[in-house]
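What follows is a short report on a single structure.
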Amino acid sequence: METKAIQIEVGATLDIDTVGSLHRQICDAMDHASDLDLDLSAVVNFDTAGMQLLVATALACQKRGLRVSFAGPRAELAAAVASLDLAKFLGAWPVENANHEVCA
């Protein structure tokens, strides 16, 4: 089986208003990929709906046997993941960003 990686660039906003369309894009990618890479480097605004989508994506990929990675989260997003203790669900979360503080 050929490995097909699909990269999705997440926009600046990952919230209740954007997760629906992003969810459809992720589901479509999961139907055609063996590797899914979410580029989070542009995300500056997010809410719990966005966080929930990240966790749901990781769990769905795990269930399907797909590899998922989350690339380039900014310090604020990484800090939110850490403070909500979500990294354990996001298997491929970049460890180097896991302990950044939002306010130092």
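The values are calculated or read from the model by the stated rules, or taken from the named source; none is laboratory data. All figures in this text were calculated on a predicted structure; none of them were measured in a lab. Neighbour counts run over all protein chains shown; Cβ positions are idealised from the backbone, glycine included.
Candidates are the residues of region 59-104 that are surrounded by fewer than 17 Cβ atoms within 10 Å (Cβ to Cβ) and of a type in the set (Val, Ile, Thr); the one that is modelled with the highest pLDDT is VAL95.
With the condition kept exactly as written, say whether any residue in region 53-66 is in contact with a helix residue (DSSP H, G or I) (Cβ under 6 Å, 6 or more places away or on another chain), in a helix (DSSP H, G or I) and not aliphatic (A, V, I, L, M). Within region 53-66 (the criterion being in contact with a helix residue (DSSP H, G or I) (Cβ under 6 Å, 6 or more places away or on another chain), in a helix (DSSP H, G or I) and not aliphatic (A, V, I, L, M)), the answer is yes, since at least one residue qualifies. Looking only at region 42-56, residues that are among the hydroxyl-bearing types (Ser, Thr, Tyr) and surrounded by 13 or more Cβ atoms within 10 Å (Cβ to Cβ) come to 0 in all.
If only residues of region 12-40 that are surrounded by 15 or more Cβ atoms within 10 Å (Cβ to Cβ) and in a loop (DSSP other than H, G, I, E, B) are counted, the one that is nearest to the chain's Cα centre (by Cα) is LEU40. Taken over region 41-52, the criterion of being touching a helix residue (DSSP H, G or I) at 6+ places or on another chain (Cβ under 8 Å) and assigned to a strand (DSSP E or B) is satisfied by PHE46 alone.
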